[in-house]
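The values are calculated or read from the model by the stated rules, or taken from the named source; none is laboratory data. Note that the coordinates shown come from a computational prediction; the quantities given were computed from them, not determined experimentally. As a convention, Cβ positions derive from the backbone with ideal geometry for all residues, glycine included, and neighbour counts pool all protein chains shown. Please note that ligands, DNA and RNA were not included when accessible areas were found on the heavy atoms of the full protein model with its side chains. Shrake-Rupley method; radii C 1.70, N 1.55, O 1.52, S 1.80 Å.
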Amino acid sequence: MSLPAMYLIYSALLATGLLLTLPYWLLQMSRHGKYHTGLKQRLGRVPDRLAHPSRPVIWVHAVSVGEVLAVSGLVAELQRQYPEHWVVVSTTTDTGQKLARTRFGAANVLYFPMDFAFAIRPYLQWLHPNLIVIAETEFWPNFLRLAKASEARIAVVNARISNRSWPRYRRLRFLLRHVLKAVDLFLAQTGEDARRLREIGASSERVQVSGNLKFDVPAPPVPPIVNSLRTMLQESSAGPVIVCGSTVDDEEPMLLQAFQNVLASHPAAVMILAPRHPERFAQVAQLLESLGIRFWRRSLWAGNSLAGGVLLVDSIGELAALYALADIAFVGGSLVPRGGHNILEAAQHGVAIVVGNYTENFRDIVALFHSRNAVRVVTQAELPLVLLELISNPSERLDLGRRGAETLRLQAGATQRTLAALRDLLPPPRTTSDRGVHASK
């Protein structure tokens, strides 16, 4: 099969899949307000603020919140070291978009176009980026093909192939071998990720191991809610505090049952519960009501004591800072087969971390922490017992958190290694003296 025919068939299948699932997308738009924001941008409408840039462009793509956090340090360094370039950041999800606008400024952020030529071409024509940096593994065939044809250099950074994605990528090796030829540089998180990239068609000479950017993510600024909660906890002698972050459907009932067990012996305990997806806030509130558990929505909390109850975090972007309040942090998506979420945000604060045994999305990070006795991995049945054990054993709890913070510190450095590799794809950055000479002319 010729390459043009292959891309034509891919585009036809993508369009067919979109049409067949259109009722689902329309339902999500009407019921949860998802995907409606930025729809014109996704379909190729370039915002006026992006048209005719006066500087050469570096385009960084980060799918959602996790990827935005991971590339934050890299984006800051690109802006600092290449001030003559304009660094723009795209996201796919609405939550990622909100965080990116907060981190990088709304004028520098856009929604990533759908993988159709009509949606992609306007961005490449208007922005004409010198370099496109893609976080993790967003292998969109049409985007990569057209970006390469536009003479942009392309790098995939923080690249990883999860255990869940690996079988699918292997089945698509024939297509991926051609698609990945467009990429100039792959910077893998681990040696295993590098091996998997080579096996699905990435050229060996273009694959390097640079480490995981998520180890370099700085602690977030402390929002006012954290200081307010800390004051309340101290003044009301509430605690211990269990922060359950990025929880998913079917997980909250198990966590709340475990919390009720904790309350039996620690009636002033507090749970801070942060569901992963905003559209589930109301559902979790209904669950709390049905269980008869005292709770407050973070958006309505008025400073009263939370002792013996739950704070339902119905906000975006505060979880990473809220982990600082925890005696124990449970990181969700891991008690049920969802692959788990990032434990590094909790490790930054040196708190004891507990996860379920479904952590394949972060297999290397969890394996590293587990090898250093810096995380507790539990089954559903073990969860209540482990929480009570850690609460009753302060020295072990503090040591667990300390080992986590130390493990995080020892893995830092991926951002600088990534920057060093990207320099080969960009013209040398001008020095301060060079900029002064040019400015004086």
Residue match in segment 370-393 (condition: of a type in the set (Asp, Glu) and closer than 15 Å to Leu255 by Cα): yes
Of residues in segment 81-124 being β-branched (Val, Ile, Thr) and out of contact with any strand residue (DSSP E or B) (no Cβ under 6 Å at 6 or more places or on another chain), the one modelled with the lowest pLDDT: Thr95
Residues (closer than 20 Å to Asn163 by Cα and hydrophobic (A, V, I, L, M, F, W, C)) located in segment 314-370: Val331, Leu335, Val336, Ile343, Leu344, Val355, Phe362, Ile365, Val366, Ala367, Leu368, Phe369
Top-ranked residue in segment 146-155 [being touching a strand residue (DSSP E or B) at 6+ places or on another chain (Cβ under 7 Å) and open to solvent by 10 Å² or more (accessible area, probe 1.4 Å); ranked as nearest to Lys181 (Cα to Cα)]: Lys148
Qualifying positions in segment 93-109 - of a type in the set (S, T, N, Q) and over 21 Å from Ser54 (Cβ atoms): Thr93, Thr95, Gln97, Thr102
Number of positions in segment 50-83 that are in contact with a Pro (Cβ under 7 Å, 6 or more places away or on another chain) and of a type outside the set (Val, Ile, Thr): 4
Given (1) open to solvent by 20 Å² or more (accessible area, probe 1.4 Å); (2) modelled with pLDDT of 95 or more; (3) of a type in the set (Phe, Trp, Tyr), number of the condition Trp59 does not satisfy: (1)
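So that you can scan it fast, the table gives a plain yes or no per residue for (1) touching a Lys or Arg at 6+ places or on another chain (Cβ under 8 Å); (2) not polar (S, T, N, Q):
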| position | (1), (2) |
| --- | --- |
| Ser237 | no, no |
| Val243 | no, yes |
| Ser246 | yes, no |
| Phe259 | no, yes |
| Leu273 | no, yes |
| Arg276 | no, yes |
| Val284 | no, yes |
| Leu288 | no, yes |
| Arg298 | no, yes |
Check on Glu67, under 25 Å from the mean Cα position of the chain (by Cα), under 30 Å from Pro428 (Cβ atoms) and either acidic (Asp, Glu) or open to solvent by 10 Å² or more (accessible area, probe 1.4 Å) (or both): yes
Tally, over segment 95-112, of residues that are crowded, with 20+ Cβ neighbours inside 10 Å and in a helix (DSSP H, G or I): 5
Listing of helices (runs of 4 or more DSSP H) fully contained in segment 224-343 that carry 2 or more residues being over 30 Å from Phe104 (Cα atoms) and open to solvent by 20 Å² or more (accessible area, probe 1.4 Å): 224-236, 252-265, 281-291
All positions within segment 194-209 that are of a type outside the set (Gly, Ala, Ser) and more than 14 Å from Arg170 (Cβ to Cβ): Glu205, Arg206, Val207, Gln208, Val209
Test: residue in segment 406-418 that is acidic (Asp, Glu), in a helix (DSSP H, G or I) and open to solvent by 60 Å² or more (accessible area, probe 1.4 Å): yes
Residues of segment 116-145 that turn out to be crowded, with 23+ Cβ neighbours inside 10 Å and assigned to a helix (DSSP H, G or I), as a count: 4
Selected residue (only one of Val377, Val386 is touching a His at 6+ places or on another chain (Cβ under 8 Å), β-branched (Val, Ile, Thr) and open to solvent by less than 70 Å² (accessible area, probe 1.4 Å)): Val377
